[in-house]
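Note sheet for the following structure.
Every number in this text was worked out from the coordinates using simple rules, so none of it is lab data. Every value quoted in this text rests on a predicted model; they were computed, and no experiment measured them. Cβ sites come from the backbone with ideal geometry, for glycine too, and all protein chains shown count toward neighbours.
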Amino acid sequence: MQKVDLQKEVAKGTVLPLMEEFYTIQGEGFHTGTAAYFIRVGGCDVGCHWCDVKESWDAELHPPTAIEEIVERASKAANLAVVTGGEPLTWNMGPLTAALKKAGMQLNMETSGAYPLTGTWDWICLSPKKTKLPVESVYAAAHELKVVIFNKHDFIFAEEQAALTNDKAILFLQPEWSKQEEMVPLIVEYVKNNPKWRISLQTHKYLDIP
């Protein structure tokens, strides 16, 4: 495939920069404990300083992969696919989700919401970041709002984001891994005083799985 054609296919979403894919257990948020096939696409300009997959940021480091190949592997491994990144909405998710749906899979996405919503999803986990706030279409469609708590000010940010998200979304506060000893007691007290929130933990790190 010539380079110009490849660029067109990436723009259409029929080819995506694939960082990694693996079958594991969902570690955080509403679907914690659920077996899922993770599809991590490269490319992200949100720039969270505590991001634990900074290697995903540069899309050019990850091989352009036809979505048919991704779907074939995912559908053989699991009934649930979780598309994450990087930032998946950097790309047109329509072709990938249509192909995964045709294969009979449930589709979840984890996104910062920084770009307009594309694709068809059974579950959208919105995890907003201060550096590049979500767009309205993702606030409106999110099934779950998951705010990472790195410092005390993040509680204010969480409430600001909850006010912008649709009122059906389930609300989670999650301690940033490197700050959990400091933040967990604060989150526990905050949720006790504000029971509309739930606590999410990165259980996959406790289990030592991807």
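List of remarks:
- Shown in residue order for the range 111-122 are the 3J(HN,Hα) couplings computed by the Karplus curve 6.51 cos²θ - 1.76 cosθ + 1.60 at θ = phi - 60°: 8, 7, x, 6, 10, x, 5, 9, x, 10, 10, 7 Hz (x for Gly and Pro).
- Amide H contacts of Gly42 (H built 1.01 Å from N, under 5 Å, at least 5 apart or other chain): Leu18, Met19
- Here, P(r) means the percent of Cα pairs in each 5 Å bin from 0 to the largest distance; for the chain it is 1, 7, 15, 19, 21, 17, 10, 5, 3, 1, 0, 0.
- Overall form of the range 1-68: oblate. Here a/c, set by the Cα gyration tensor axes a ≥ b ≥ c, is 1.5 or more, and a/b is not larger than b/c.
- Positive-end ranking of Val83, Val15, Val41 along the dipole of the range 13-100, with charges on Cβ about the Cα centre, is headed by Val83.
- Normalising the average separation of contacting C-alpha pairs (under 8 angstrom, six or more residues apart) by the number of residues puts the relative contact order of the range 14-207 at 18 percent.
- Cysteines having no other Cys beta carbon under 4.7 Å from their own, within the chain: Cys44, Cys125
- Under 5 Å, built H, 5+ apart or other chain: amide partners of Ala35: Gln26
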